[in-house]
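Peer 1: Below is the structure I would like to discuss, written out as structure tokens.
The values are calculated or read from the model by the stated rules, or taken from the named source; none is laboratory data. What you are looking at is a predicted structure, and each value in this text was computed from that prediction instead of being measured. All Cβ positions, glycine included, derive from the backbone under ideal geometry; neighbour counts span all protein chains shown.
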Amino acid sequence: MEKINAVITGVGGFVPSYILDNEEMSRIVDTSDEWIMERIGVKTRHILKPEEGVGTSYMMTKAVKQLLDKTQVDPDTIEALVVATTTPDYHFPSTASLVIGNLDLKNCFGFDMEAACAGFLYAMEVGAGMITSGRHKRIIVCGGDCMSSMTNYEDRTTCPIFGDGAACVMMEATTEEYGLIDSYLRTDGKGYEHLHMAAGGSACMPSHETVDKRMHFVYQEGRTVFKHAVTKMSDAVETIAKRNNLTKEDIAWIVPHQANVRIETAVARRIGVDESHVMINIEHMANTSGGTLPLCLWEYEPKLKKGDNLIFTAFGAGFSWGASYMKWGYDGDKFCK
Ligand code: UT7
């Protein structure tokens, strides 16, 4: 039997229209455009305003709809929808089930998985496994978060970092040598203390006290997380490149999680790839957690060429991190014609 690979055949995305810039941010907390640009690299972020009364599934539905429209794929041929998010609309049902319902995908099952900022990296691995097993031919993998729903706008050390957005990819079976080739993924729960949301789950149920103590927001020890992110992402990229005999000249694009522009450039420097080969959109997208990797693909799609070697890398709460090597399967500009 011929070997089956899992290849991406299209990208869709969505960001909310409201833009929160650094000038407005510096009226909310004691900060400045200069500090945020120098230390993080964010100028603006898209925000899903709470008064709109919608959550992550709203953004993902828009992203999947765009993907279906542009690829002209029959929605009834989508067999599964895998969603990576840390900000589901509800504890249950899953965000995936809401998206499937919104778009009336009749022959599809779906579920959410949570791995914070590494969510989409892990979801691609899960999705690719579903395809290469031979059990599914066409699925959609989504990543996205409504980070504003758990951002403490009284904490200047975290609130300038995050934004909202979602994107998705079509993943299909092929016998050609394209698609997700290799992954190096790791998780270590010892990172809990440095990056988490303390309340709202089964270990610490929501109560008046947890609300009063503002325990339903992102807690992050920035400097510690920063150091781990640079080291773990760089090591993972190096490992995956070596394991697949890729020199820096072979790498068309590094696709890094957009947590801090200093992390992205440090990872590129460490393996000697020029910044012009690194997807960076943090300046106008900020950190959308599970959304960063697919939103990069969404924006850079027109520049991608069939056969390009891409290395994805991410780091997030858990800690969870890793890198994946993908051979891109189509000329991205075909959707612009
Ligand atoms: O996506 C999941 C993974 N997350 C990450 O990878 C994020 C990793 N961490 C980071 O990106 C950075 O650590 C931050 C952006 C969170 C913080 O940047 P930093 O350069 O590590 O700043 P710091 O926490 O060391 O703080 C330096 C100074 C402090 O003042 P003092 O103590 O030196 O007087 C802070 O109080 O900057 C101050 N500061 C600010 N000043 C103006 C912290 N936040 C702000 C702010 N505006 N927003």
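Peer 1: Being touching a Pro at 6+ places or on another chain (Cβ under 6 Å) and over 18 Å from residue 111 (Cα atoms) is true for just one of 28, 36, 4, 8. Which residue is that? First the steps, then the outcome.
Peer 2: Values: 28 fails: touching a Pro at 6+ places or on another chain (Cβ under 6 Å); 4 fails: touching a Pro at 6+ places or on another chain (Cβ under 6 Å); 8 fails: touching a Pro at 6+ places or on another chain (Cβ under 6 Å).
Step by step, each of 28, 36, 4, 8 is checked, and only 36 is touching a Pro at 6+ places or on another chain (Cβ under 6 Å) and over 18 Å from residue 111 (Cα atoms).
Peer 1: Is it true that residue 193 is farther than 27 Å from residue 234 by Cβ and at pLDDT 95 or above? Steps first, answer last, please.
Peer 2: Working: farther than 27 Å from residue 234 by Cβ: no; at pLDDT 95 or above: yes.
In short, no.
Peer 1: Quick one: how many residues across the stretch 70-88 are not β-branched (Val, Ile, Thr) and not in a loop (DSSP other than H, G, I, E, B)?
Peer 2: First, pick out the residues of the stretch 70-88 that are not β-branched (Val, Ile, Thr): 70, 72, 74-76, 79-81, 84, 88.
Keeping just the survivors that are not in a loop (DSSP other than H, G, I, E, B) gives 70, 75-76, 80-81, 84.
Qualifying residue count, the stretch 70-88: 6.
Peer 1: Tally the residues that are touching a Lys or Arg at 6+ places or on another chain (Cβ under 9 Å) and within 24 Å of residue 86 (Cα to Cα), restricting the search to the stretch 132-164. So that I can check it myself, show each step before the final result.
Peer 2: From the stretch 132-164, those touching a Lys or Arg at 6+ places or on another chain (Cβ under 9 Å) are 132, 147-148, 152, 154-155, 160-164; that's our starting set.
In the following step, the residues that additionally are within 24 Å of residue 86 (Cα to Cα) were identified as 147-148, 152, 154-155, 160-164.
Summing the residues that are touching a Lys or Arg at 6+ places or on another chain (Cβ under 9 Å) and within 24 Å of residue 86 (Cα to Cα) in the stretch 132-164 gives 10.
Peer 1: I'd like the residue in the stretch 46-73 that is under 21 Å from residue 139 (Cβ atoms) and over 20 Å from the mean Cα position of the chain (by Cα) and, out of all such residues, is surrounded by the most Cβ atoms within 10 Å (Cβ to Cβ).
Peer 2: 73
Peer 1: Now for a separate question. Which members of the stretch 147-183 meet the condition of being under 16 Å from residue 16 (Cα atoms), within 15 Å of the ligand (Cβ to nearest atom) and outside any loop (DSSP other than H, G, I, E, B)? It would help to see each step written out before you state the result.
Peer 2: The initial filter retains those residues of the stretch 147-183 that are under 16 Å from residue 16 (Cα atoms), namely 147-149, 162-168.
From the residues that got through so far, the ones that are within 15 Å of the ligand (Cβ to nearest atom) too are 147-148, 162-165.
Matches in the stretch 147-183: 147, 148, 162, 164, 165.
Peer 1: Name every residue in the stretch 89-114 that is part of a helix (DSSP H, G or I) and either polar (S, T, N, Q) or outside the structural domain of residue 164 (by TED's automatic domain parsing) (or both), in order of residue number. Walk me through it before giving the result.
Peer 2: Quick first cut of the stretch 89-114, residues part of a helix (DSSP H, G or I) only: 95-103.
Of everything in the stretch 89-114, those that are part of a helix (DSSP H, G or I) and either polar (S, T, N, Q) or outside the structural domain of residue 164 (by TED's automatic domain parsing) (or both) turn out to be 95, 97, 102.
Peer 1: When you go through (1) buried (at least 16 other Cβ atoms within 10 Å of the Cβ); (2) over 18 Å from the mean Cα position of the chain (by Cα); (3) within 16 Å of the ligand (Cβ to nearest atom); (4) over 28 Å from residue 199 (Cα atoms) one by one for residue 41, which number turns out not to apply?
Peer 2: For residue 41, the failing item is (2).
Peer 1: Go over the candidates 288, 247, 265 one by one and state the one that is out of contact with any strand residue (DSSP E or B) (no Cβ under 9 Å at 6 or more places or on another chain) and among the β-branched types (Val, Ile, Thr).
Peer 2: Values: 288 fails: out of contact with any strand residue (DSSP E or B) (no Cβ under 9 Å at 6 or more places or on another chain); 265 fails: out of contact with any strand residue (DSSP E or B) (no Cβ under 9 Å at 6 or more places or on another chain).
From the options 288, 247, 265, the qualifying one is 247.
Peer 1: While we're on this one: Yes or no: the stretch 185-208 includes at least one residue that is away from the ligand (no atom under 15 Å from the Cβ) and either closer than 30 Å to residue 7 by Cβ or assigned to a strand (DSSP E or B) (or both).
Peer 2: From the stretch 185-208, those away from the ligand (no atom under 15 Å from the Cβ) are 185, 189-190, 198-208; that's our starting set.
The next check asks that each one be either closer than 30 Å to residue 7 by Cβ or assigned to a strand (DSSP E or B) (or both); those that pass are 185.
Yes, the stretch 185-208 contains a residue that is away from the ligand (no atom under 15 Å from the Cβ) and either closer than 30 Å to residue 7 by Cβ or assigned to a strand (DSSP E or B) (or both).
Peer 1: Go through the stretch 269-309 and report how many residues are within 16 Å of the ligand (Cβ to nearest atom) and farther than 29 Å from residue 146 by Cβ.
Peer 2: Number of matching residues: 1.
Peer 1: Same structure again: In the stretch 2-32, what residues are within 16 Å of the ligand (Cβ to nearest atom), in contact (Cβ under 8 Å) with a residue 12 or more places away in the chain and not hydrophobic (A, V, I, L, M, F, W, C)? Even if it seems obvious, please write down each step before you answer.
Peer 2: Residues of the stretch 2-32 that are within 16 Å of the ligand (Cβ to nearest atom), as a first pass: 20-32.
Okay, now just the ones that are also in contact (Cβ under 8 Å) with a residue 12 or more places away in the chain, so 20-22, 25, 28-31.
Result: 21, 22, 30, 31.
Peer 1: Could you check residue 267 against (1) more than 24 Å from residue 188 (Cα to Cα); (2) over 13 Å from the mean Cα position of the chain (by Cα) and say which number it fails?
Peer 2: Of (1) more than 24 Å from residue 188 (Cα to Cα); (2) over 13 Å from the mean Cα position of the chain (by Cα), only one is false for residue 267: (1).
Peer 1: Between a first residue in the stretch 309-337 that is closer than 11 Å to residue 237 by Cα and a second residue that is of a type in the set (Lys, Arg), which pairs have beta carbons less than 9 Å apart while being 6 or more apart in sequence or on different chains?
Peer 2: Here the result reads 310/327; 313/232; 321/186; 321/232; 322/186; 322/232; 325/243, each pair linking the stretch 309-337 to a residue that is of a type in the set (Lys, Arg).
Peer 1: Looking only at the stretch 101-148, which residues are of a type in the set (Val, Ile, Thr) and either more than 16 Å from residue 169 (Cα to Cα) or surrounded by fewer than 23 Cβ atoms within 10 Å (Cβ to Cβ) (or both)? Reasoning before the result, please.
Peer 2: We begin by selecting, within the stretch 101-148, every residue of a type in the set (Val, Ile, Thr); these are 126, 131-132, 139-141.
126, 132, listed by residue number.
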